[in-house]
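Data first, discussion second: the structure below is written as structure tokens.
Read-outs throughout are calculated quantities, based only on the coordinates presented, and are distinct from any laboratory measurement. Here the structure is a predicted model, which is why all the values come from computation and not from measurement. We place every Cβ from the backbone using ideal geometry, glycine too, and count neighbours over all the protein chains shown.
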Amino acid sequence: MGRRVAVSAHRRDSAGVSGLRDAVASGAEYVEIDIRRTADGALVVHHDRTVAGVPLNRCTYPRLRELAAQPVPLVTEALEIIGGRARLQLDLKEHGCEHESVALALEASGPDGVVVTTREPASIAQIKRRFPDVTTALSVGRGLWERGVATRDYAPLRAIRACGADMVAINHRLARAGVLGRCARAGFPALVWTVNAEPLMRRFLADPRVAVLITDRPETALRLRP
């Protein structure tokens, strides 16, 4: 039997600490956490730029906890839950989180237990300079709903090579539009996100070009995995 596609539990932090524990308990090989920094310098696990309309970079951590509908874990809290139990997928949402986030993750899991994804080539370049052994992936496809598909999303190889990324993290729509094949032919393994429909799960879980499937439904993905 060949290599199995790994599964990454996506966005379980939306339920706070309990969601992270559920992600670990799911049996997924990876748990994804979205990382941002608050106005008072706290690294937090939070997907969106704002909470209750307030930008996180103008919001202290105590204020963030007051405004958020669910408890917002600190990155250190998340790493205590995940480290040693599953591999870490750090999804860096902004500049300025790179060095501290990766250093904390390495302490929790070691270089073999961490992959960093981000849409920012400059962030990957910084990480590779300071932490050359850490696996990184340039994320492409977010423009599908934010502001139209950028040229880089359809043709990401130049950006991947320029920043020194080891892998590519591809939106599943772009993966099906030929980007997965182009990256595979260039030698870049892929993480494919965010795959929740069962027919697509089956397709990507059986695809040798896919290294990691990112999903909100890790239990289902693990059940369907060949």
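By the Cα gyration tensor, the chain has an equivalent ellipsoid whose semi-axes, rounded to whole angstrom, run 26, 20, 17 from largest to smallest. Label-to-label distance, V54 versus A69, with points set 7 angstrom from Cα along the beta-carbon direction: 1.8 nm.
If you run the Gaussian network model on the chain, springs between alpha carbon atoms under 10 Å, then out of S101, S139, S18 the most flexible one is S18. The distance from the alpha carbon centre of region 84-102 to that of region 173-226 is 22 Å, rounded to a whole number. DSSP finds beta bridges in the chain, and of those with both partners inside it, around 15 percent are antiparallel. With a simple spin-label model that places each label point 7 Å from the Cα along the Cα-to-Cβ direction, the separation between R225 and H99 comes to 3.6 nm.
Look at the alpha carbon pairs under 8 Å that are at least 6 residues apart: their mean separation over the length of the chain gives a relative contact order of 21 percent. Across A186, A105, A122, mean-square fluctuation computed from a Gaussian network of the chain (C-alpha pairs under 10 Å connected) peaks at A186. Take the chain, connect every pair of alpha-carbon atoms lying under 10 Å apart with a spring to form a Gaussian network, then pick out the residue of G164, G27, G41 with the largest mean-square fluctuation. Looking only at G164, G27, G41, the largest GNM fluctuation is found for G41.
The residue list V168, A184, A78 was ranked by how far each Cα lies along the charge dipole of the chain toward its positive end, using unit charges on Cβ atoms, and A184 comes out on top. Dipole magnitude for the chain: computed about the Cα centre from +1 point charges on Lys and Arg Cβ and -1 point charges on Asp and Glu Cβ, it is near 920 debye. Charge tally for V116 (other residues, Cβ to Cβ under 14 Å; Lys, Arg +1; Asp, Glu -1): -4.
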